[in-house]
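J.: This structure is in structure tokens; I'll ask about it shortly.
Throughout, read-outs are computed from the coordinates displayed, never taken from laboratory work. Keep in mind that what you see is a predicted model, and the values were worked out from it rather than measured. Positions of Cβ are generated from backbone atoms using ideal geometry, with glycine treated the same way; all protein chains shown enter the neighbour counts.
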Amino acid sequence: MTEQTYKAVLFDLGGVVLGSPLHAIARFESDHGIPEGFVNRLVVEKAPDGAWSRLERGELDIDTFCEAFDDECRERGHLLPAKALMEQIASSSGPRPTMLTALRRIRQQGLVVAALTNNWKSDGQDRHQLRPCFDHFIESSVVGLRKPDPAIYRHALDLIGVEPTEAVFLDDIGGNLKTARAMGLTTIKVVTPEGALSELESALGFPLD
């Protein structure tokens with residue numbers, strides 16, 4: 001892809017620029033005797049009208065979400081509780097230094113850098129601290145849309161002022177990448193920061209370290 005000229009790179013936050021909430025959820029499930037993958041399966045099954053989806057669209061505050069998500073979990077035979085889960089996610093969401101360096105390098109090359117994140121209104125301190133690292137900061141809880149709804153990608157591209165083929169998108173969730181790829185964006189799945197940045201370097205054609 002080195003022949004392609006890109007104008008923008010869009011980054012998910014949790015699991016990409018920040019520590020992975022998926023890892024935090026997996027640890028929580030293991031520590032509390034909850035079946036592996038239970039939380040993520042429930043989130044997907046209940047989307048787009050479940051408590052987690054509504055939280056990320058800014059329709060629920062965190063306390064109302066915890067009550068609603070506890071009810072959904074209880075219906076499936078497990079009680080987390082949700083408040084403890086969200087606290088564990090928050091505690092594991094520190095920035096990844098290699099990603100912060102990459103953000104700086106990309107902007108130095110004149111490309112637009114945007115955050116495109118599913119989040120909730122009360123999870124903001126770390127993310128707000130990252131705002132200066134980005135030219136645009138697009139939050140599901142603010143715009144009322146969440147990945148993988150195509151509308152949030154269109155919103156982001158319109159805000160940045162680029163066509164889908166002019167942008168690269170990094171995320172750690174396959175479903176989010178699938179929608180972006182179908183719209184014409186170049187996508188990179190983040191399994192490890194090192195692997196993703198190596199792939200991004202190849203796409204952009206300049207070093208990121």
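J.: Taking the options A26, A68, A51, name whichever one is farther than 30 Å from E163 by Cβ and out of contact with any helix residue (DSSP H, G or I) (no Cβ under 7 Å at 6 or more places or on another chain).
T.: It is A26.
J.: Quick check, is G37 in contact (Cβ under 8 Å) with a residue 24 or more places away in the chain and on the phi > 0 side of the Ramachandran plot?
T.: Values: in contact (Cβ under 8 Å) with a residue 24 or more places away in the chain: no; on the phi > 0 side of the Ramachandran plot: yes.
Answer is no for this residue.
J.: Ok, one more. Write out, first by first residue and then by second, each pair whose Cβ atoms fall under 7 Å of each other, whose residues are 6+ apart or on separate chains, and whose first residue, in segment 98-121, is more than 18 Å from D158 (Cα to Cα) while the second is in a strand (DSSP E or B).
T.: Matching pairs, first to second residue: L103/V113; I106/V9; I106/V113; R107/V113; N119/E139.
J.: How many residues are under 14 Å from D12 (Cβ atoms) and without any contact (Cβ under 8 Å) to a residue 24 or more places away in the chain when one looks only at segment 182-198?
T.: Residues flagged as under 14 Å from D12 (Cβ atoms) and without any contact (Cβ under 8 Å) to a residue 24 or more places away in the chain within segment 182-198 amount to 4.
Residue-by-condition table, conditions (1) hydrophobic (A, V, I, L, M, F, W, C); (2) assigned to a loop (DSSP other than H, G, I, E, B); (3) within 15 Å of S140 (Cβ to Cβ):
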{"site": "E36", "(1), (2), (3)": "no, yes, no"}
{"site": "V44", "(1), (2), (3)": "yes, no, no"}
{"site": "P48", "(1), (2), (3)": "no, yes, yes"}
{"site": "L55", "(1), (2), (3)": "yes, no, yes"}
{"site": "L60", "(1), (2), (3)": "yes, yes, yes"}
{"site": "F65", "(1), (2), (3)": "yes, no, yes"}
{"site": "A84", "(1), (2), (3)": "yes, no, no"}
{"site": "Q88", "(1), (2), (3)": "no, no, no"}
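J.: Can you name the residue in segment 13-34 that is of a type outside the set (V, I, T) and part of a loop (DSSP other than H, G, I, E, B) and, of all such residues, is surrounded by the most Cβ atoms within 10 Å (Cβ to Cβ)? Outline the logic, then answer.
T.: The initial filter retains those residues of segment 13-34 that are of a type outside the set (V, I, T), namely 13-15, 18-24, 26-33.
Add one more test, that the residue is part of a loop (DSSP other than H, G, I, E, B), and what stays is 13, 15, 19-20, 32-33.
Working: L13: 25, G15: 22, G19: 19, S20: 18, H32: 14, G33: 7.
The residue in question is L13.
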